[in-house]
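Q: Before I ask anything, here is the structure I am working with.
The values are calculated or read from the model by the stated rules, or taken from the named source; none is laboratory data. Everything quoted here is computed from the prediction, not taken from an experiment. Heads up, the Cβs are rebuilt from the backbone with ideal geometry, glycines too, and the neighbour counts pull from every protein chain shown.
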Amino acid sequence: MSQAETVLCPALMLSGIASGQGKTTITAALARYHRNQGRDVRVFKFGPDYLDPQILSAASGKPVEQLDMWMGGEAYCRQKLYEAACEADLILIEGAMGLLDGVPSTADLAVTFGIPVAVVLNAKGMAQTTAALAYGIAHYRTDFQFHGLIANALGSQRHAELIEEAMPEDVKLLAALRRDDEVVLPERHLGLVQPGEQFDLNGRLEAGARWIAESPLTELPPAVAFSDQHIPAPPKLLEGKRIAIAKDEAFSFVYAANLRLLEAMGAELSFFSPLADQPVPESDAIWLPGGYPELHADKLGSCKTTQAGLHLAFEANTPILAECGGMLFVQQTLTDLEGNCYTMAGLIPGHGAMRGRRGCQGMQSAMLPEGEVRAHAHHRSRSHDTLEPISHGKRQRHPAPGEAIYRSRALTASYLHLFFPANPEAIAQLLSDPQQN
């Protein structure tokens, strides 16, 4: 890589006019199609999403990383893309919400790294209007490379013809995809259903690959030059530390980048399942990540072996990080969507209750005694009768206080999901020697 240490790789950003357009379905289908052709496909997800990457990883056969210039920074994102380009035959990036939504937006990421953008539009219930929307997106901003439109969920060949006939000459219709129930991915209240809970996910992905094979999307996108950022390795601040991590269908919202950072800092990771009532491994710190405890509250309420291990660790002042679903688990009770109330681990005061479709999401910084860590919130529950917070999250673009952050002994709990690479030093201290309350 002598010339500015750059590497070329075909790359495409899959965005949409809004959420719910079929971006994940199409990105997963593309990844599986090209994987079936023998290509090494690397997929990224823009933003802090946990669920879409699980589907995209199943489709591509490779780990899927989140790219977010606010949480991780531009240099971090540049390095991840470069590393992928060094090995991949194709890079796909799935956007978040609509193309221009958020600061930074999907479009901002595409501009920063010179990645062409395909916009997905669910055209159910419209025909020629599809062309007008495509024209508006293509011309509203002129600083990104608009690769073309993917019209999705079409009802017939005539539907496709009406859209194609109306398209402006300077806006390319990349594909007109028919609605196919065998391809559509199932959803629930926080997003897509996790792969382990889906019936025949592989069959849906293979059907998606056939769906793509019948469209013009089989062509590789343009090659993009990706450059090396030369990010130094993190210091070995967790050398010799053993970190136990809850991992099952109730606790699955884990960034691969977080795990990789812990290992790079010298930590030894072990995993346990509260749903299976496994003992908490002997460890120097415990991480209870977010997930879907509300779907498994009855089992979590009766996992006495796991709960006993957590109580012993708490009393021994073992550092514990409980994020969102993990925080619901360490409180006293959890009420599910049907109104059933279950007893939880009870390490700290508080009662969690699901709220149907009402909730909170957004980027925030966790203002910890150990330092500021970029994070985000995404939940449809509330907690009451809790501890007094030690601080609150700082919202990205709003002055109101963000999520409450609690601490009792060496346990830190919040609705915030932390992005560890944003501040490795703070994370190392949090998991080794937090300021105790």
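Q: Restricting to segment 313-349, and then to whatever is on the phi > 0 side of the Ramachandran plot and out of contact with any Phe, Trp or Tyr (no Cβ under 8 Å at 6 or more places or on another chain), can you tell me which residue is surrounded by the fewest Cβ atoms within 10 Å (Cβ to Cβ)?
A: Across segment 313-349, the extreme among qualifying residues is 339.
Q: Continuing with the same structure: Given (1) in contact (Cβ under 8 Å) with a residue 60 or more places away in the chain; (2) in contact with a strand residue (DSSP E or B) (Cβ under 8 Å, 6 or more places away or on another chain), identify the lone condition not met by residue 424.
A: Condition not satisfied by residue 424: (2).
Q: Looking at segment 273-294, is at least one residue surrounded by 21 or more Cβ atoms within 10 Å (Cβ to Cβ), under 22 Å from the mean Cα position of the chain (by Cα) and assigned to a helix (DSSP H, G or I)?
A: Yes, the conditions are met somewhere in segment 273-294.
Q: What pairs can you find where one residue is in segment 143-156 and under 19 Å from residue 132 (Cβ atoms), the other is part of a strand (DSSP E or B) and of a type in the set (S, T, N, Q), and their Cβ atoms are less than 7 Å apart, with a gap of 6+ or different chains?
A: Between residues of segment 143-156 that are under 19 Å from residue 132 (Cβ atoms) and residues that are part of a strand (DSSP E or B) and of a type in the set (S, T, N, Q), the close pairs are 152/122; 153/122.
Q: So, one more: Taking the stated definitions as given, is residue 352 without any contact (Cβ under 8 Å) to a residue 60 or more places away in the chain, assigned by TED's automatic domain parsing to the domain that holds residue 318 and farther than 17 Å from residue 325 by Cβ? Walk me through it before giving the result.
A: On the way: without any contact (Cβ under 8 Å) to a residue 60 or more places away in the chain: yes; assigned by TED's automatic domain parsing to the domain that holds residue 318: yes; farther than 17 Å from residue 325 by Cβ: no.
Judged against the criteria, residue 352 is not a match.
Q: Same structure again: So which strands (runs of 3 or more DSSP E) are wholly in segment 1-86 and hold at least 2 residues that are at pLDDT 95 or above and within 13 Å of the chain's Cα centre (by Cα)? Before you say what the answer is, go through the steps one by one.
A: Details: elements: 6-16, 41-46, 65-67.
Where strands (runs of 3 or more DSSP E) fall fully within segment 1-86 and carry at least 2 residues being at pLDDT 95 or above and within 13 Å of the chain's Cα centre (by Cα), they are 41-46.
Q: Return the pair list, or none, for Cβ contacts closer than 9 Å from residues in segment 52-63 that are in contact (Cβ under 8 Å) with a residue 60 or more places away in the chain and assigned by TED's automatic domain parsing to the domain that holds residue 94 to residues that are part of a helix (DSSP H, G or I) and among the polar types (S, T, N, Q), at least 6 apart or on different chains.
A: From residues that are in contact (Cβ under 8 Å) with a residue 60 or more places away in the chain and assigned by TED's automatic domain parsing to the domain that holds residue 94, the pairs are 52/24; 52/27; 55/24; 55/25; 55/27; 58/202; 59/27; 63/57.
Q: Please find, among 404, 345, 413, the residue that is assigned to a strand (DSSP E or B) and touching a residue at least 24 places away in the same chain (Cβ under 8 Å). Outline the logic, then answer.
A: Working: 404 fails: touching a residue at least 24 places away in the same chain (Cβ under 8 Å); 345 fails: assigned to a strand (DSSP E or B).
None of the other options fit; the residue is 413.
Q: Here are the criteria: (1) under 30 Å from residue 416 (Cα atoms); (2) part of a helix (DSSP H, G or I); (3) touching a residue at least 12 places away in the same chain (Cβ under 8 Å). Tell me which single one residue 138 does not satisfy.
A: (1)
Q: Ok, one more. Every residue in segment 380-406 that is crowded, with 19+ Cβ neighbours inside 10 Å and either touching a Leu at 6+ places or on another chain (Cβ under 8 Å) or assigned by TED's automatic domain parsing to the domain that holds residue 48 (or both), please.
A: Result: 381, 383, 393, 402, 403, 405, 406.
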